[in-house]
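Let me begin by presenting the structure, written as structure tokens, before commenting on it.
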Amino acid sequence: MTISEIIHKKVYEEIIYRLRKHPLLFARTVLVFLFSAAVPVFFYYFIAVHYPTLLEGAVTKPALILVASAYYLGIWVFFFAQFIEYYLDNWIITNDRLVSIDQRGLFARTISELDLYRIQDARSEIHGIFATMFNYGDVIAQTAGEKEFFILKGIPDPHHIRQRLLDLAEGDRKFHVLSKT
Amino acid sequence: MNTTFNIQLFWLLIPHALFLLVFVIFSLINLYHILRWGGYTFVGFTATFIYLAGALLLLFQTYDMLKTIDWLEVVYSFSGYENLDVNMGL
């Protein structure tokens, strides 16, 4: 599915931004994965020093290999699932709407839409050393709709996105006023 | 009449095979999600490629380390008796 199909893009609609969380926010998951991958290596050296016969036993050797194989396959598939959860979280800003696609795990997905002309106000926030250094943060849009706040979390260059969002909202409001007259 | 029951090394492969089945199911679910909702991007394609390559590498490495094992080797053997003579002492 292309992004146009996912959001059911209208004929007059143009995709301005497709935003994801900053890659640095996924780096934490990568570090956890690398640490998890190193754990069996430490176990191997521990067993090699203290219980070397286990590594050569007729039963223990294949058993340890099978357990290590299952462990690595398990963390590999879990890591990929974490990547998919990160990668499928999208915010799409068009000239008409703000669409939020929120992937929660593998079996839950929430898609929210907000017409741009309903945005009353927006603010951008950057908190923390890494966020300041790498310029990522949150954009919070206050709306006149049922959902009072629309939050874009951990996106790159939030101050610029906030300004563009307000400009697009103003443009959409003018479009709606003109179309009514 | 003696009956002998042998536990052979290949029994270790049974739980591993069940785990591999679960692994394949979750892999297919992951691939479905990224193909359906990922939007055909270079990053999505590269990540999928790396995942499949890594999985194949792990499976091949497991096979390579286990290929010299004699899986028919008897690990444990125990025997029992049939046709018990029960002397009631009557």
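The values are calculated or read from the model by the stated rules, or taken from the named source; none is laboratory data. Note that the structure is predicted; figures quoted are calculated from it, not measured. Here the Cβ is made from the backbone with ideal geometry for all residues, glycine too, and neighbour counts use every protein chain on show. We work out accessible area using only protein heavy atoms, side chains counted, and drop any ligands, DNA or RNA first. Shrake-Rupley method; radii C 1.70, N 1.55, O 1.52, S 1.80 Å.
Output the Kirkwood hydrodynamic radius of segment A:87-181, Cα pairs only, in Å rounded to one decimal. Please list the in-between numbers first.
Numbers: mean 1/r = 0.0709 Å⁻¹.
Every distinct Cα pair counted, the radius reaches 14.1 Å.
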For the protein assembly as shown, the percent of accessible surface on carbon and sulfur atoms (probe 1.4 angstrom, ligands and nucleic acids excluded) is 67
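Considering every Cα-Cα pair within segment B:2-68, what fraction, in whole percent, is farther apart than 16 Å?
Values: 1383 of 2211 pairs.
For segment B:2-68, the share of Cα pairs beyond 16 Å comes to 63 percent.
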Quick calc, segment A:123-181, dipole around Cα centre from Cβ unit charges on Lys, Arg (+) and Asp, Glu (-), nearest 20 debye, gives 160
Probe 1.4 Å, all protein chains in place: accessible area of A:F175 in Å², nearest 10? 110
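What is the average number of partner chain Cβ atoms found within 10 Å of a Cβ in B:33-43? Don't jump to the answer; show the numbers that get you there.
Working: counts 10, 5, 1, 3, 10, 7, 11, 3, 4, 0, 4.
What the average comes to for B:33-43 is 5.
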Using only alpha carbon positions, build the gyration tensor of segment A:19-172, then give the equivalent ellipsoid semi-axes as the square roots of 5 times its eigenvalues, largest first, whole angstrom. 48, 17, 9
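What accessible area per residue comes out for segment A:27-85, rounded to a whole number of Å², with a 1.4 Å probe?
Working: 3580 Å² over 59 residues.
On a per-residue basis, 61 Å².
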More than 19 Å apart - percent of Cα-Cα pairs taken over segment A:27-85: 40
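Chains A and B: how much accessible area gets covered up at their contact, both sides added, probe 1.4 Å, in Å² to the nearest hundred? Numbers along the way, then the final one.
Details: alone 11800 and 8190 Å², together 17000 Å².
The buried area between A and B, both sides summed, comes to about 3000 Å².
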Which order do the peptides B:4-15, A:131-142 take when ranked by the mean count of other beta-carbon atoms within 10 Å per residue, highest first? A:131-142, B:4-15
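Which peptide among A:108-119, A:33-44 comes first, and what is the full order, when sorted by highest mean count of other Cβ atoms within 10 Å? Don't skip to the end; give the middle numbers.
Details: A:108-119: 16.3, A:33-44: 12.4.
The peptides rank, most packed first, as A:108-119, A:33-44.
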Rounded to the nearest 20 Debye, what is the dipole magnitude of chain A about its Cα centre when Lys and Arg each give +1 and Asp and Glu each give -1 at the C-beta? 80
Proportion of all alpha-carbon pairs of the protein assembly as shown beyond 34 Å (%): 44
By per-residue mean of other Cβ atoms within 10 Å, what is the highest-first order of A:87-99, B:43-55? A:87-99, B:43-55
How shielded is A:81-88 by partner chains, expressed as the average number of their Cβ atoms within 10 Å of its Cβ atoms? 5
